[in-house]
Amino acid sequence: GAGVSQSPSNKVTEKGKDVELRCDPISGHTALYWYRQRLGQGLEFLIYFQGNSAPDKSGLPSDRFSAERTGESVSTLTIQRTQQEDSAVYLCASSLGLARDEQFFGPGTRLTVL
Amino acid sequence: QQQVKQSPQSLIVQKGGISIINCAYENTAFDYFPWYQQFPGKGPALLIAIRPDVSEKKEGRFTISFNKSAKQFSLHIMDSQPGDSATYFCAARVSGGYNKLIFGAGTRLAVHP
C-alpha cells in the first residue's frame, strides 16, 4: 500500500511569507507526527495528532507555527511570517495508534527561506 | 533532561567490516529505543528496535546492544556493505506518553568497497 506522502517536496519562499506543508498519512493510521530536521542534525519533534486532536503542541518552536488535521487523514503544518531559521526538512510520520511503536515517515518537504 | 547523544558524527568502514554507532541518554523515562536508517532524499525508516528489559537484539546483520545501568545503547552492523551507506539515527521514546521520539543527531556511515 501507499506510504506517507508529503507535498510539496521542495518549497522556496521569501522571508516573511506564509507556507503550508501537507502530509497524507498511511490509510488507517490514527496517529500523525511532525518533525523538523535541520541540516546535519537529528529530528526535532514538533507536534502529534491522535485523530484530529493535538493534545501536546509544546514542541512547536513559536506561535508562528500551527498544525491541523482533518479527521484521521490529511494534516497541514503552517508557518507564518517565515524566517531564515525555519529552513529545514519537515518530516511527517504516522502510526497505527499512539500505542503502536513504529512510526512510518514520509520523504519530507525541504523548506528554504531566502 | 530529554536528550540522546550519538557518536560518532561520521564513520568510514571498509566492506566486510563492523560498523559501530553509540548512543547515550540521561533521562530514565524512556521505554523504547529504535534505530532509523535514512538515505538521501528519503524519510527515515525503522531498522531495528529494543526495549530496556532486553540487553541485546539481533536481526540479520544488525544488532542492538543495550546497557541499562550505563544508559547506553549501540548499533552494530556486521559484514558492512556499500548499500548500508546512509545516515543512522538512534532514538528514545518518552514513556507513558504518546509515542514521542527523541532523536540523536545522526551518524553518516560510508562503507567503501
- Candidate set from the stretch A:80-97 (those that are within 19 Å of A:GLY42 (Cα to Cα) and open to solvent by less than 30 Å² (accessible area, probe 1.4 Å)); member that is farthest from the other protein chains (Cβ to nearest Cβ): A:ASP86
- Please find, within the stretch A:69-79, the residue that is farthest from the other protein chains (Cβ to nearest Cβ) out of those that are touching a Lys or Arg at 6+ places or on another chain (Cβ under 9 Å) and closer than 13 Å to A:ILE26 by Cα. A:VAL74
- Restricting attention to the stretch A:44-79, and to residues there that are part of a strand (DSSP E or B) and charged (D, E, K, R), which single residue is least open to solvent (accessible area, probe 1.4 Å)? A:ARG69
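Could you tell me which residue of the stretch A:98-112 is modelled with the lowest pLDDT, considering only residues that are open to solvent by less than 10 Å² (accessible area, probe 1.4 Å) and either more than 11 Å from every other protein chain (Cβ to nearest Cβ) or within 17 Å of A:THR30 (Cβ to Cβ) (or both)? Walk me through how you get there before you give the answer.
Quick first cut of the stretch A:98-112, residues open to solvent by less than 10 Å² (accessible area, probe 1.4 Å) only: A:103, A:106, A:108-109, A:111.
Checking which are either more than 11 Å from every other protein chain (Cβ to nearest Cβ) or within 17 Å of A:THR30 (Cβ to Cβ) (or both) leaves us with A:103, A:106, A:111.
Values: A:GLN103: 92, A:GLY106: 96, A:LEU111: 98.
Result: A:GLN103.
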- Task: Restrict the check to the stretch B:9-30 and report whether at least one residue is in contact (Cβ under 8 Å) with a residue 60 or more places away in the chain, within 11 Å of the chain's Cα centre (by Cα) and within 14 Å of another protein chain (Cβ to nearest Cβ).
- Result: yes
- Query: Which one is farthest from B:LYS100 (Cα to Cα), of the residues in the stretch A:34-49 that are charged (D, E, K, R) and more than 8 Å from every other protein chain (Cβ to nearest Cβ)?
  - Reply: A:ARG38
- Message: Considering only residues that are open to solvent by less than 50 Å² (accessible area, probe 1.4 Å) and in a loop (DSSP other than H, G, I, E, B), which ones fall in the stretch A:2-43?
- Response: A:GLY3, A:VAL4, A:PRO8, A:GLY16, A:PRO25, A:ILE26, A:HIS29, A:THR30, A:GLY42
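The values are calculated or read from the model by the stated rules, or taken from the named source; none is laboratory data. Not measured: the values here are computed from a predicted model. Don't worry about glycine lacking a Cβ; one is built from the backbone with ideal geometry, like all the others, and counts go over all protein chains shown. Heavy atoms of the whole protein, side chains included, go into the accessibility calculation; ligands, DNA and RNA do not. Shrake-Rupley method; radii C 1.70, N 1.55, O 1.52, S 1.80 Å.
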